[in-house]
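What follows is a set of notes on a single structure, which appears directly below.
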Amino acid sequence: MRFLIVEDERELAATLQLGFRQHGYEVDVAYDGEAGFAAAMGTPYEALVLDRGLPKVDGIDLTRQLRRLGKTMGIVMLTARDGVDDRVAGLEAGADDYLVKPFEFKELLARVRAVTRRHLAADNVITLHDLEVDLDAGIVRQAGHIVALSRKEYVLLVYMLRFPGHLLSYERLRSHAWEAGNAPSIEGVRAHVKNMRRKLEADSGVRFIRTVHGLGYRIEP
């Protein structure tokens, strides 16, 4: 999974980035609200961790802008303010959770994981072309027929379908579908995707998983 940290305290940002990376996540950093907005609009992040008191565009306005433009990633807001009105303002702007500084990293990690799970599970059925994935039942259908995928193939497919039009790198797919330390080589990722495509395209003329040679894959909307 890939997160974005928007925090103007550079030492804190570096500490959080290292902490998330040590748990197997890809993490980018921006140091003000304008840079955070540009990054969030250009990259399909699963979660944002952002400070409320950012320069240029503060955390409240940044969250409100992203939600207005349809961005649904999980957002955890950090702040030194612990008043009820401050927490309410952050949540009403569209943040999923609110954490007061100082905090323990393990609590932040747990909160980010929780909001990420909620957002990734928000839709019960994903459809694309003649493909339908029922997330509650764990069933994949194409043109009305059930497609038997392995567990990893299913996880990769669901993840890819959530980001149509975006390039998903081999490393990004590895970090999502496998635990740190147990991930296969890039060739292993390619093999899983190849088997998945073969099953999906066996009885269909639609090819919606495009290979971007040397980089990864893109789902065609």
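Where a number appears in this text, it was derived from the coordinates with a stated rule and is not lab data. These numbers come from a predicted model, not from an experiment. FYI the Cβ positions are ideal-geometry reconstructions off the backbone, even for glycines, and counts take in every protein chain you see.
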| field | Residue-wise HN-Hα coupling along segment 20-25, computed from phi with Karplus coefficients 6.51, -1.76, 1.60 (Hz; x: Gly, Pro) | value | 5, 5, 5, 9, x, 9
| Dipole magnitude of segment 1-131 about its Cα centre (Cβ charges: Lys, Arg +1; Asp, Glu -1), debye to nearest 20 | 260
| task | Using label points projected 7 Å from each Cα along Cα→Cβ, tell me how many nm separate residue 126 and residue 34, to one decimal. | result | 3.5
| Which shape class applies to segment 2-120: rounded if a/c is under 1.5, otherwise prolate when a/b exceeds b/c and oblate if not, where a ≥ b ≥ c are the square roots of the Cα gyration tensor eigenvalues? | rounded
| field | Sequence-distant lysines (8 or more away, or on other chains) whose Cα lies within less than 19 Å of residue 199 | value | 152
| So which lysines can residue 56 reach, going by Cα to Cα under 30 Å and dropping same-chain residues fewer than 8 places off? | 71, 101, 106
| request: Check the straight Cα-Cα distances from residue 194 and name the aspartates and glutamates below 20 Å, setting aside those fewer than 8 residues away within the same chain. | output: 130, 132, 153, 171, 203, 220
| query | Where nothing but the Cβ of Lys and Arg (+1) and of Asp and Glu (-1) is charged, how large is the charge dipole of segment 136-221 around its Cα centre, in debye to the nearest 20? | reply | 140
| Roughly speaking, what is the stretch gain from residue 10 to residue 104, that is 0.36 nm per residue apart minus the C-alpha to C-alpha distance, in nm to one decimal? | 32.1 nm
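If each DSSP helix of 4+ residues adds -39,500 (n - 2.57) and the sum is divided by the residues in the chain, what number results at 222 nm, nearest 500 deg cm²/dmol?
Calculated from helices alone, the mean residue ellipticity at 222 nm is -13000 deg cm²/dmol.
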| Taking square-rooted eigenvalues a ≥ b ≥ c of the alpha carbon gyration tensor, is segment 84-150 rounded, prolate or oblate, where a/c under 1.5 means rounded and, failing that, a/b exceeding b/c means prolate? | prolate
| Cα gyration tensor shape of segment 125-219, rounded if a/c is under 1.5, else prolate or oblate by comparing a/b with b/c | prolate
| Projected onto the charge dipole of segment 125-219 (+1 at Lys/Arg Cβ, -1 at Asp/Glu Cβ, origin at the Cα centre), which of 183, 138, 161 gives the Cα projection farthest towards the positive end? | 183
| query | Roughly how big is the chain's charge dipole about its Cα centre, with Cβ charges of +1 (Lys, Arg) and -1 (Asp, Glu), in debye to the nearest 20? | reply | 840
